[in-house]
Amino acid sequence: MQATRIVTGHDQAGRSIVASSGPLPSVGEFRQFPGFAVELIWQTAPGPIPAHPVDPTSPPPSVLPAPGGSCAMRVTFPPEASAMPADFDPQAAARELCERLPGLGELFEADAPGFHRSDTIDYGVVLEGEITLELDDGGRRLLRQGDVIVQMGTRHAWSNTGNTPARLLFVMVGAPRGQAVA
């Protein structure tokens, strides 16, 4: 799905304008995870709205936002049946994840593939397909097109057990982690 990113801003007189328009920046399809792709839409730093927006997505030092900042991305998850090549190399996959999604890639757990936790509040919307959310307690929840998830810094993983790709829009808002509930 080809999409255009339109960013608004203000001219010298303070009137709203289109500051930029073009294709979504993409980190491309992953070599180690065929069909998995991420498009970085926009990132914001904590603080006021910038007077003149400058593309903060290429290359990002981290896709994880600082507390009070945000990051929006569109992620495509291929069906699990087609995701892993026969010669899958977990170390190469981990390196690629860290290179292409700095800050986030390092959070994925080697002993629990796909599981990760970030200091963010994540808003996710299923744009296409179906995907399963997996949680610590073994709970699984199927999300379908149009469903929305709000993740409060929880440890989770995603799995696409369907036959078609699942595409989701995520907005991550950086937040300091509070005390765990006992």
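General observations
- Residue order by solvent-accessible surface for Val150, Val63 is Val150, Val63, largest first, with ligands and nucleic acids left out and a 1.4 Å probe.
- All Cα pairs of the stretch 138-182, percent lying beyond 17 Å: 47
- Cα centroid of the stretch 1-42 to Cα centroid of the stretch 94-152, whole Å: 21
- According to the Cα-based calculation, Rg over Rh for the stretch 9-54 is 1.16, with Rh computed by the Kirkwood formula.
- Each other residue within a Cβ distance under 12 Å of His156 adds +1 if Lys or Arg and -1 if Asp or Glu, for a net charge of -1.
- Within the accessible area of the stretch 1-80 (1.4 Å probe), percent carbon and sulfur: 60
- Shown are Ser21, Ser70, whose ranking by accessible area with a 1.4 Å probe and every protein chain present, most to least, is Ser21, Ser70.
- Largest to smallest accessible area among Thr164, Thr154 [probe 1.4 Å]: Thr164, Thr154
- Between Gly35, Gly146, Gly124, the residue with the greatest mean-square fluctuation in the GNM of the chain (Cα pairs under 10 Å linked by springs) is Gly146.
- Gain in span if fully extended, Ala13 to Val125, counting 0.36 nm per residue against the direct Cα distance: 36.7 nm
- Where the stretch 1-55 is the region considered: accessible area per residue in Å², 1.4 Å probe: 66
- For the stretch 143-149, putting each phi into the Karplus relation 6.51 cos²θ - 1.76 cosθ + 1.60 with θ = phi - 60° gives couplings of 10, 10, 3, x, 5, 10, 10 Hz, in residue order, rounded to whole numbers and with x for Gly and Pro.
- Rounded to the nearest 20, the size of the Cβ-charge dipole of the chain about its Cα centre is 480 debye, with Lys and Arg at +1 and Asp and Glu at -1.
- GluC sites (Glu not before Pro) restricted to DSSP loop in the stretch 20-110 with at most 11 other C-beta within 10 Å: none
- For the chain, relative contact order (Cα pairs under 8 Å, six or more residues apart, normalised by length) works out to 22 percent.
The values are calculated or read from the model by the stated rules, or taken from the named source; none is laboratory data. Predicted model, so just to flag it, every value in this text is computed and none were measured. Note: ideal-geometry Cβ built from the backbone for every residue, glycine included; neighbour counts use all protein chains shown. Note: areas computed on protein heavy atoms with side chains; ligands, DNA, RNA excluded. Shrake-Rupley method; radii C 1.70, N 1.55, O 1.52, S 1.80 Å.
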